[in-house]
Amino acid sequence: MIQVQSSRRMKIKMNIVLALLVLVGFGVLIGRLYQLQLVDGEMYQAKALKQQLRPTAISAQRGTIYDRNGVVLAMSAGVDTVYISPAEIERYDEDKEAIARGLSEILGVDYETILKKAGNTNSWYEVVARKVEEDVAEQVRQFKSDGGYVGIKIESDTKRYYPNGSMAAHVIGFVGLDNTGLGGIESRYDSVLSGESGYVMRSTTAAGTDMLYSSYEDYVDARDGDSISLTIDAVIQNYVEKHLTQAVEDYDIQNGAAAICMEVDTGAILSMASLGNFDLNDYQTISAEAEAEIRAAAQSDEEYNELYSLAQQLQWRNKAISDTYEPGSTFKIITLAMALEEGVVSENSSFYCGGSMNVLGRGSPLKCWKYGGHGSQSLTQAVQHSCNVAFVNIGQLVGEEKFYEYAEGFGFIDRTQDTSQQLTAKTGIDLGGESGSIWWSEDVFCNPENLSQLAAASFGQTFNVTPLELITAQAACINGGYLYTPYLVDKELDSDGSVPF
């Protein structure tokens, strides 16, 4: 009797233990399912989709850039990207050497480079060549067909073309291999011009190849970029560049030159040239002269590459907006406009230039450019003679405080509460890379015990501005006093050529 009861108790204990083990097991299982399905569900779902689906990008057509009269300055056309799928080359036992040799001959790409990429058998995508023209791409298609190569792939792309080569190069800018704007308008308005790429999503097999006759295919068409019409006039631009190039040659200019033509009543830029120039269709290549100098100077490949990169940056620099300089006598129109507006001079004013004059705070006499001076002269004659002494006198008639106010009004400085701060300003043109002026602080310029800064500024010396700042201010002198923000983009156009709302 005692043995039966003991056996019964043992069985109950075992059932209890077994039940506890089952409960614990189910608890662990439920917890694991909770972790997999709810906590990590999205992650595993994404991984599964990545394994089961393969996207193929559809390139968007980049918008066209026109001049103000509809002349095409930049356009896109269809090209192809050639790539290989090493995983498929391996799976279908295709001849890597033959593929590398054939593509190397057609595309002009190094054989060893292609062979190395073909050996990366874990990869499904290795680019061999981008921006392949249609006639060359057709040779690749024939090679692929003749050899029955599954591992050679071709996908559509676009390439940027610049019909006028180097014309307005610094304004238009250029794009990189990924069709992203890298300079000029191409960069500043990249979001407008680039559009949005589309894609085709297809099912794949367990081996990673496209699943034939699959019912699943997701297609999103690309949205082409909008086009842009510039204020630039291609005819004016061509003439400006032609004559600026001649001037550089005639006067043996060593550091290049810049020129701007502006519509004074609007601020629209009709032409903007910066020399030396470069071909937008081959923007990474520097001039033969510059390369020869680098080869002569470089002591190693590393130094050569560094100097070459610096030369590229130099040729891409837009001197019209990025370089600052002392405007000199070209600033005298600004000083004259101040004085006329303030009424401190008139057509009847007269000045005497003896070749030099003393200025308060200056240690030595300030000299005119003409030895012996211009003698007695009217205001008109002082302007015709570009007489430094006369303009120093005109500046002093304006006074340092008013002169400083006008400097701000003409856009050369942005004043702050800190009167000890050296000031600067920019025009705000719709183009990247703009530099600012370099001007005295208010404390220094408006010091009544030292008028040497006022004297120097009166004829455009010892401060710096950009060519764009100067022409913008000069335009205000002749348009009724309106300081317009210069601009290059007239309007944006959608794909059917109309102005979008």
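To make sure I understand the rule: partners must be aspartates and glutamates, Cα under 18 Å from the Cα of K116, and not fewer than 8 residues away in the same chain. Which ones qualify?
Leaving aside aspartates and glutamates fewer than 8 places away in the same chain, those within reach of K116 are E88, E90, D93, E94, D95, E97, E105, E126.
At 10 °C and a viscosity of 1.306 mPa s, what translational diffusion coefficient does Stokes-Einstein give for region 67-208, taking Rh as the Kirkwood radius over Cα pairs? Give it in µm²/s as a whole number.
93
Taking the alpha-carbon distance from K117 and a cut-off under 23 Å, which lysines remain once sequence neighbours fewer than 8 residues away in the same chain are dropped?
Here the lysines satisfying the reach criterion relative to K117 are K50, K96, K131, K144, K153.
Would you mind pulling out the separation of the Cα centroids of region 431-474 and region 341-355, in Å?
Computed from Cα coordinates, the inter-centre distance equals 22 Å.
Which pairs in the list K332/K402; K242/K332; K159/K242; K332/K370 are over 18 Å apart, alpha-carbon to alpha-carbon?
K242/K332; K159/K242
Could you do me a favour and compute the accessible area per residue for the chain, 1.4 Å probe, result in Å²?
55
Would you mind checking the tilt of helix 288-297 against the longest principal axis of the Cα atoms of the chain, expressed as 0 to 90 degrees and rounded to 10?
On a 0 to 90 degree scale, this one is about 80.
Express the carbon and sulfur contribution to the solvent-accessible surface of the chain as a percent, rounded to the nearest whole number, probe 1.4 angstrom.
Here carbon and sulfur together make up 51 percent of the probe-accessible area.
Among 316-325, 280-289, 424-433, how do they line up from the highest to the lowest mean number of other beta-carbon atoms within 10 Å? Spell out each step's value before the answer.
Numbers: 316-325: 20.3, 280-289: 15.1, 424-433: 17.9.
Ranking, from highest mean packing down: 316-325, 424-433, 280-289.
Determine the distance separating the Cα centre of region 151-173 from the Cα centre of region 286-320; give it in Å without decimals.
Between the Cα centres of region 151-173 and region 286-320 lies a distance of 23 Å.
By how many degrees, 0 to 90 and rounded to 10, does the Cα axis of helix 467-478 deviate from the longest principal axis of the chain?
Approximately 50 degrees, to the nearest 10.
Please state the charge dipole magnitude for region 392-496, taken about the Cα centre, from unit charges on C-beta atoms (+1 on K and R, -1 on D and E), reported in debye and rounded to the nearest 20.
380
Of the chymotrypsin sites (Phe, Trp or Tyr not before Pro) in region 328-429, which ones lie in a loop per DSSP and count no more than 11 other C-beta atoms within 10 Å?
On the way: sites: F331, F351, Y352, W369, Y371, F391, F403, Y404, Y406, F410, F412; in loops: W369, Y371, F410, F412.
Within region 328-429, the qualifying chymotrypsin sites (Phe, Trp or Tyr not before Pro) (loop, at most 11 other Cβ atoms within 10 Å) are Y371.
Per residue Cα convex hull volume for region 325-420, in cubic angstrom?
With only Cα atoms used, region 325-420 gives 118 Å³ per residue.
Tell me the angle of helix 134-147 to the major Cα principal axis of the chain, expressed in degrees between 0 and 90 and rounded to the nearest ten.
Helix 134-147 and the main axis of the chain meet at about 20 degrees.
Give me the net charge of E249's neighbourhood, meaning all other residues with Cβ under 14 Å from the Cβ of E249; Lys, Arg count +1, Asp, Glu -1.
-3
Out of every Cα pair in the chain, what percent are spaced more than 30 Å from each other?
Cα-Cα pairs of the chain separated by over 30 Å account for 66 percent.
Name the lysines eligible as straight-distance cross-link partners of K426: C-alpha to C-alpha under 19 Å, and not fewer than 8 places from it in the same chain.
The qualifying lysines are K319.
The values are calculated or read from the model by the stated rules, or taken from the named source; none is laboratory data. Predicted model, so just to flag it, every value in this text is computed and none were measured. Cβ coordinates were reconstructed from backbone atoms using ideal geometry, including for glycine residues, and neighbour counts include every protein chain displayed. For accessibility, only protein heavy atoms count, side chains too; no ligands or nucleic acids. Shrake-Rupley method; radii C 1.70, N 1.55, O 1.52, S 1.80 Å.
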